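Peer 1: Please read through the structure below; I'll follow up with questions.
The values are calculated or read from the model by the stated rules, or taken from the named source; none is laboratory data. In this text the structure is predicted, and so the values were computed from the model without any measurement. Glycine gets a Cβ as well: all are built from the backbone with ideal geometry, and neighbour counts include every protein chain shown.
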């Protein structure tokens, strides 16, 4: 795993300290994954892996947070065509 170090001005240290006390590293990774997924930077699969969640846990988190899934009509049509080919 890669280590990430954030540098910031001293005036933010108290904020980070309070944040760190409230959230564990897995929670921080989940929040980062959500933010990157919302911005379209990470796919659902990559965000799920970053968050350390199973696919079903990730989908549940998206639902609880009311985050729209990046799944278009075109994606649906491709999935339906794939299922039909596999029969």
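Peer 1: Counting just the residues of the range 44-67 that are in a loop (DSSP other than H, G, I, E, B) and either modelled with pLDDT under 90 or at negative phi (or both), which one comes out surrounded by the most Cβ atoms within 10 Å (Cβ to Cβ)? Break it down into steps so the answer makes sense when it comes.
Peer 2: As a first pass, look at the range 44-67 and keep what is in a loop (DSSP other than H, G, I, E, B): 52-54, 65-67.
From what's left, either modelled with pLDDT under 90 or at negative phi (or both): 53-54, 65, 67.
Working: 53: 18, 54: 10, 65: 11, 67: 13.
Per the criteria, the residue is 53.
Peer 1: Hey, can you tell me all the residues within the range 70-80 that are surrounded by fewer than 12 Cβ atoms within 10 Å (Cβ to Cβ) and either part of a loop (DSSP other than H, G, I, E, B) or on the phi > 0 side of the Ramachandran plot (or both)? Full working, then the answer.
Peer 2: Here is the first cut: in the range 70-80, the residues surrounded by fewer than 12 Cβ atoms within 10 Å (Cβ to Cβ) are 71-80.
Within the range 70-80, 71, 72 qualify.
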